[in-house]
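The block underneath contains the structure these notes are about, expressed in structure tokens.
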Amino acid sequence: MTCGHCVASVTEELKEVAGVLEVRVEDLVKGGDTDVLVDSDGPLDLDAARAAVEEAGYTASV
């Protein structure tokens, strides 16, 4: 992710995943890896989170 619009897109998609309470983006670096932290009310469905990030147009690694 490289900008605020990118952050908003990923955040919006992740907030639709069941159980997600909060999404925080850290270390936004142009052209580099960006850390996204997700707080949830239980175990996070990693496949659903990965699919949400991909829906926003990015690749996720967990």
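The values are calculated or read from the model by the stated rules, or taken from the named source; none is laboratory data. Bear in mind that the values here come from a model prediction, so they are computed numbers and not experimental data. Counting neighbours? That spans all protein chains shown, and the Cβs are built from the backbone with ideal geometry, glycine included. Note: areas computed on protein heavy atoms with side chains; ligands, DNA, RNA excluded. Shrake-Rupley method; radii C 1.70, N 1.55, O 1.52, S 1.80 Å.
Just the accessible area per residue of region 1-48, please: how many Å² with a 1.4 Å probe?
With all protein chains present, region 1-48 gives 66 Å² per residue.
Run the accessible area of the chain with a 1.4 Å probe and give the carbon-and-sulfur part as a rounded percent. Please report the intermediate quantities before stating the final value.
Details: 1930 of 4100 Å².
Carbon and sulfur together cover 47 percent of it.
At most 11 other Cβ atoms within 10 Å and a DSSP loop assignment: could you name the GluC sites (Glu not before Pro) in the chain that fit?
Filter output for the chain: Glu16.
Taking 0.36 nm per intervening residue step and subtracting the Cα-Cα distance, what contour gain separates Ala48 from Leu28 on full extension?
5.0 nm is the gain from fully extending Ala48 to Leu28.
Helix-only mean residue ellipticity at 222 nm, the chain, DSSP H runs n ≥ 4 weighted -39,500 (n - 2.57), per residue, nearest 500. What is it?
Here the helix-only value at 222 nm equals -10500 deg cm²/dmol.
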